Amino acid sequence: MHGRPRKAAKPEDEAASAAQAQELRALQSQLLSNHHNKIYTDEAQQLSAKLVQQNPESYTAWNYRKLVVQHNLAQSESDPDSLKSILDQELELVESALKQNFKSYGAWHHRKWVLSKGHSVLDRELKLLKRFQQLDPRNFNAWNYRRFVAALLNRSEEEELDYTREMIEHNFSNYSAWHNRSVLLCNLMKKKSQGYFPKEKVLNDEYEHVHDAIFTDPDDQSGWFYYLWLLDQTVKTDAPLLVASWPAHESDVILSRNRRSDDSSFSLFDSFHSDSGTIPLILYFNQAVEGVNSSTITIESSFCTEDLNWKPLLQNNSQLSQVWVTHIKFPDVKPHSSEAYQLKISVGQSQGIISASGIHYSHPTQFAFNVCLRPIETEPATKQGGHRILWRDENFHVYQPQSQEPYEVVPIDQLVINDHEPAASNWRAETVANEIALFRELSELNCKIGKLTLARLLTAHDVMLSPRTSKMAHSEVVLELYTDLIKLDPLHSQYYKDEHSLVLLRKVTSNRESLLNHCFSYKNLASSSIGNGICLRLSNLSLSRMGSIEKLLWVQMLDLSHNELRSIDGLEAMQLLSCLNLSNNKLGSLTALGPLRLLKSLEVLDISYNEIGSHTIDTTRYLCSTPLSHTEETSWNSDKIVTGGASLKDNWEAVLIFKSMSLTQLAIVGNAISGENFKSLLVKLVPTLEWLDGDKLH
């Protein structure tokens, strides 16, 4: 454990261990019998005490001891001295058990329980803790217990903060002391206690403190972890903010009812098709919030007078979400006539939007956009089922803006949020810049966490400046740092690959010119009712994780093929998506496709040549809600589902994912699940399906 090599046991040690195990089994058997029969005699109590002293990890024994204490207390209610004696004896027993194993969860929890009964002298507890923390200063059980005792003693957080500094100066490698310091500082800064406000001064002092630890021993990671916490406190904003929307601010959306508009006077990027004349309105916040409704979001228009139903884009029924959506239905237009409407959206004009940490949305925001309704064609639109989407390179060509289109055709969100704290923003940028200069030297060494910290500093600096510069100035350096880390630290390579992917996507989406390099026209969507003919191609980029989704809300056709994606979390925000290519990735289960359930416009999906069904145990399914779970927003009747020969019990994920979709085209070939029975199940689940693995169904 913790890098310490194990020593092979000697024969005499093995014999002693076997004898001890036999004795423990006998004690355990007798204790269970006493527990079952509610026997609390002196002999039974002595037996349980002997068991917890020999094996402090016996949770059942500690639970039995609680019943013993309650039994004894009930018989001595009228005698305060007797009550105190019973509890003190129990504390002595716990202390004896902790001497056997001072990292025993059960023993520390039992000691908390005894103290919570009252009648015990608390001053001795800090002395006891000091002894145990001398044996192991990083024992997080002892630190957790210390927080409990400090609260009972009403010790000030300032006193405890001084104690953490004392422990850190004694040993820089004390993870638990650094952690406790971060907990205490968070509380003090949140309450704006005297000497701990403004936040900027407090953090500056902490940077100096942690620099001493890092530069004294760069290979010790405890100070580095605290430093990363400090960096997070520096760059993050506490209050929730609206960072993106669709439609974007000052955009002109073209809404057609039955086919994509061929009017060359408008940008195809702003074209959207809807049979019902409805568009989604998407709000993307910088953190999860609740309270998004018609009271906190107001819409000014000449036709939208009813309250709209806002929904969080989540796979469960939580009311905290980073992305919220509603749908706006526009009036019908007459044949051969067009109508234009302006909509003004106000966010947070009245209180009610709150973050998970309880902070209110305090930066009221307004944005506006125009929607042009195109005339309904007298001839019905051709449904895409007759023309299969083929994700071949020859079907795509680099998008060339037409002469009538404005130069800035890619709809980067124009939402501008006024800086309500310019002094704090300047301090953040200055602090990060100073830290970058300080740590460049360490990164030149083969110090893994030093390189990681520099990568995070450079990324934070670019993100803070991006609203003004529209470029990620340090992206190439950061990408190189993560590439080095993948080689230096292969054990954590997946984490570095994920971070590399996030930085690469920030770079791609940082400005219009960069995004336009990845925009292609699909040649056969000239008169289709699906998509707008513009495909964002992010294939062959070695992406292992998706990010920068707030910059991609406008995308209707997306190619993510030939990457290393194991998850597509975040795609649920892309409510306009109608065509999606996820082929040749590393998606290992159907539960990984969960976000697709929320994409109601999706018609074309390619998940071929992934790893779906190839893993004997899909651990992700135990993290996901099942159709039988109270957290799953679905209603289904298994008696009404025809499985086509596939086992419903073994394929409930497929039912959950696909039954609510309206796909016309699906490719699953190259996965372990793509057998004939499973294909038959899909045909039953998705009656709109016209193409399956390249074969015409109808």
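The values are calculated or read from the model by the stated rules, or taken from the named source; none is laboratory data. Being a predicted model, the structure only gives us computed values, none of them experimental. Cβ: placed from backbone, ideal geometry, glycine included. Neighbour counts: every protein chain shown. These accessible areas exclude ligands, DNA and RNA; they are computed on the full protein's heavy atoms, side chains included. Shrake-Rupley method; radii C 1.70, N 1.55, O 1.52, S 1.80 Å.
Listing for the model above:
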item	result
Condition check for residue 476: modelled with pLDDT of 85 or more, open to solvent by 30 Å² or more (accessible area, probe 1.4 Å) and of a type outside the set (Lys, Arg)	yes
Residues being under 34 Å from the mean Cα position of the chain (by Cα), under 25 Å from residue 212 (Cα atoms) and open to solvent by 70 Å² or more (accessible area, probe 1.4 Å) - total across region 130-161	2
Residue check for residue 310: at pLDDT 90 or above, open to solvent by less than 60 Å² (accessible area, probe 1.4 Å) and closer than 24 Å to residue 604 by Cα	no
Residues of region 564-574 satisfying the condition of being open to solvent by 10 Å² or more (accessible area, probe 1.4 Å) and part of a loop (DSSP other than H, G, I, E, B)	564, 566, 567, 569, 570
Complete set of residues in region 639-698 that are charged (D, E, K, R) and either at pLDDT 90 or above or open to solvent by 20 Å² or more (accessible area, probe 1.4 Å) (or both)	639, 640, 649, 650, 659, 676, 679, 684, 690, 693, 695, 696
2 or more residues touching a residue at least 40 places away in the same chain (Cβ under 8 Å): qualifying helices (runs of 4 or more DSSP H) within region 131-217	157-170, 175-191, 199-216
Residue match in region 97-113 (condition: buried (at least 18 other Cβ atoms within 10 Å of the Cβ) and either aromatic (Phe, Trp, Tyr) or not assigned by the TED database to the domain that holds residue 188 (or both))	yes
Every residue from region 515-540 that is at pLDDT below 90 and either touching an Asp or Glu at 6+ places or on another chain (Cβ under 9 Å) or open to solvent by 20 Å² or more (accessible area, probe 1.4 Å) (or both)	523, 524, 526, 527, 529, 530, 531, 532
Residue that is modelled with the highest pLDDT, among those in region 482-514 that are among the basic types (Lys, Arg) and over 23 Å from the mean Cα position of the chain (by Cα)	487
For residue 117: the one exception among (1) open to solvent by less than 20 Å² (accessible area, probe 1.4 Å); (2) among the charged types (D, E, K, R); (3) not in a helix (DSSP H, G or I)	(1)
Where a residue in region 657-685 is under 27 Å from residue 316 (Cα atoms) and its partner, wherever it lies, is small (Gly, Ala, Ser) and open to solvent by 60 Å² or more (accessible area, probe 1.4 Å), with Cβ under 7 Å and at least six apart	none
Residue that is modelled with the lowest pLDDT [pool: residues in region 420-465 that are among the small types (Gly, Ala, Ser) and over 28 Å from residue 364 (Cβ atoms)]	443
Qualifying residue in region 230-243 (condition: surrounded by 17 or more Cβ atoms within 10 Å (Cβ to Cβ) and of a type in the set (Lys, Arg))	no
Long-range neighbours under 6 Å by Cβ, at least six apart or interchain, first residue assigned by the TED database to the domain that holds residue 47 and without any contact (Cβ under 8 Å) to a residue 40 or more places away in the chain within region 14-32, second open to solvent by less than 60 Å² (accessible area, probe 1.4 Å) and hydrophobic (A, V, I, L, M, F, W, C)	27/51; 30/47; 31/51; 31/61
Top-ranked residue in region 29-77 [being among the aromatic types (Phe, Trp, Tyr), part of a helix (DSSP H, G or I) and under 19 Å from residue 88 (Cα atoms); ranked as nearest to the chain's Cα centre (by Cα)]	62
Pick from region 393-419, criterion in contact with a Phe, Trp or Tyr (Cβ under 7 Å, 6 or more places away or on another chain) and among the hydrophobic types (A, V, I, L, M, F, W, C), ranking: modelled with the lowest pLDDT	409
Among (1) assigned to a helix (DSSP H, G or I); (2) charged (D, E, K, R); (3) under 19 Å from the mean Cα position of the chain (by Cα) - the single one residue 545 does not satisfy	(1)
